1. Enter the Cα centre distance for the pair region 303-337 and region 1-77, rounded to the nearest angstrom.
2. Please get the size of the charge dipole for region 229-320, origin at its Cα centre, with Cβ charges of +1 on Lys and Arg and -1 on Asp and Glu, quoted in debye to the nearest 20.
3. Using a Förster distance of 22 angstrom, determine the FRET efficiency expected from the C-beta separation of PHE194 and HIS223, and round it to 0.05.
4. Normalised by the number of residues in region 100-151, what is the relative contact order in percent for Cα pairs under 8 Å and 6+ residues apart?
5. Accessible area of GLU243, 1.4 Å probe, to the nearest 10 Å²?
6. How much net charge surrounds ASP315 when only the other residues with a Cβ under 9 Å from the Cβ of ASP315 are counted, with Lys and Arg +1 and Asp and Glu -1?
7. Given the peptides 382-393, 339-350, arrange them by the average over their residues of other C-beta atoms within 10 Å, most packed first.
8. Just order 290-296, 83-89 by mean Cβ neighbour count inside 10 Å, highest at the front, would you?
Amino acid sequence: MAAAMTKEEKYRQMIETPVHKLIPRLAVPTIISMLVTSIYNMADTFFVSQISTSASGAVGIMFSAMAMIQAIGFTLGMGSGNNISRALGDRQEERASLFAATAFFTAGMIGIVILLFGTAFSQQMVYFLGATPTIAPYAQDYARYILIAAPFMLTSFVMNNILRAQGNALFAMVGITTGGILNMILDPILIFGFDMGISGAAIATMASQMISFCILLYQCNAHEDCIKIQISKFKPTLAVYGEILHAGLPSFCRQGLASAAAVVLNFAAGPYGDAAIAAMSIVTRFMMFINSSLIGFGQGFQPVCGFNFGARRYDRVLEAYWFCVKVAVTMLTVFGIIAFCISRPIITSFRREDLDVIRIGTLALRLQILTMPFQAWVIMVNMLTQSIGYGFRASIVAVGRQGLFLIPALLILPPAFGILGLQMAQPIADLFTFVLATVIVSGILKELKGLRDQEADSAKKYKKLLDETSDL
């Protein structure tokens with residue numbers, strides 16, 4: 001009975017608590033999780049960069065492989081999570097359990113396949129990802145342990161999203177932050193204390209992912225108000241996979257194309273030497289850190305959006321969206337101003353000994369920072385469309401930044417403008433994506449306003465009918 005009451009209270013919280021109070025409450029644990037994840041990603045880059053420029057470049061090379069693993073994990077996690085939010089909003093708990101189990105066990109199986117194939121073809125893989133002959137040995141050493149962690153990474157991404165979809169972001173935060181903090185502690189110990197070099201950084205990441213997996217699995221199954229991960233609920237069908245992929249496709253487009261764009265970036269930077277690959281890797285990791293706070297905030301918005309859309313509270317969906325847009329644009333503008341002023345010291349802290357890395361990275365970072373308010377708008381548009389099940393339109397927005405605009409920019413601008421073209425590619429892609437996102441969201445907001453007005457009219461008619469009945 002207590003468990004049922006807890007779920008009822010949670011339902012009421014999601015559809016009745018004022019959005020300006022509810023979203024920050026759900027977002028704070030997720031923001032912390034995202035920041036910690038980004039910090040330990042930066043910690044890998046920072047500590048490995050102290051070894052050599054080629055070692056720093058190797059982290060950039062493997063980032064594209066990790067981005068693909070993340071893309072698959074987010075596809076299954078957010079695809080199932082968005083369906084779970086809407087199912088719980090419509091009070092279909094059994095259906096929510098089906099999505100959770102299907103996503104979790106599928107992620108585990110895909111992770112094992114990645115481990116086996118990646119290990120068998122590791123040398124071919126690092127060259128395919130854009131490694132130079134001097135970077136390749138470091139990249140292979142790093143890949144060996146990252147591949148072992150792949151099944152744990154994939155399933156952890158799924159569980160993280162499943163917990164957040166239910167409004168249990170705090171439980172997800174515990175697992176993610178514990179693993180992240182452990183990674184940051186182990187990095188210098190294994191790299192320098194045990195003289196393991198880049199392999200030490202990879203082992204630290206592998207260990208942290210395994211610890212996060214164990215904690216997240218416990219969180220999912222130990223709390224009464226959480227959807228359990230149960231093998232008995234694993235009943236995959238084409239229809240279930242279709243719904244997960246429809247909702248998760250924007251994540252795959254966004255993260256998958258981020259992986260593809262990272263590979264193209266490595267090849268585009270290659271002619272300018274290991275310093276260019278290392279510099280762009282550092283900039284990419286730092287921009288991920290800045291954006292992680294916004295993505296964490298947006299992920300606090302998503303379950304609220306999904307719950308209320310499922311409960312037909314379109315007024316709250318619109319209210320939550322505009323609240324988040326205002327906060328997001330303000331947040332990234334403030335962060336951007338601060339980061340712009342200290343861009344050179346930021347890059348210098350990673351690779352103090354290499355002036356080419358500092359020169360290339362500083363300008364690239366400043367150019368990307370200038371478009372941060374536009375990135376805030378694009379991310380919130382993508383999260384709105386994805387949360388309410390508008391998968392195709394969300395996918396178009398997601399495709400825009402890393403695929404439709406960035407990859408062509410990387411193919412066209414460096415040959416035309418040299419290394420400046422390499423540095424300009426991402427900011428130009430961001431501006432074009434902002435225009436695309438604005439066109440798409442305009443139609444969606446109009447549809448939501450129409451649905452809101454229909455619900456309001458229906459409520460008025462129902463009330464009028466009740467009043468007439470009571471008079472009789």
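The values are calculated or read from the model by the stated rules, or taken from the named source; none is laboratory data. All of these numbers come straight from a predicted model, not from anything done at the bench. Using ideal geometry, Cβ is built from the backbone for each residue, glycine included, and neighbour counts are taken over all protein chains shown. With ligands, DNA and RNA removed, areas are computed over all heavy atoms of the protein, side chains included. Shrake-Rupley method; radii C 1.70, N 1.55, O 1.52, S 1.80 Å.
1. 18
2. Numbers: 7 positive and 4 negative charges, 69 e Å.
Approximately 340 debye in magnitude.
3. Working: r = 38 Å, r/R0 = 1.71.
So the FRET efficiency works out to roughly 0.05.
4. Details: 28 pairs, mean separation 27.3, N = 52.
For region 100-151, the relative contact order is 53 percent.
5. Ignoring ligands and nucleic acids, GLU243 comes out at about 60 Å².
6. Details: positive: ARG313, ARG316, ARG452; negative: GLU319, GLU455.
Around ASP315, the surrounding residues sum to +1.
7. Numbers: 382-393: 23.9, 339-350: 16.7.
Averaged packing, sorted descending, gives the order 382-393, 339-350.
8. Values: 290-296: 21.0, 83-89: 27.0.
Result, highest mean Cβ count within 10 Å first: 83-89, 290-296.
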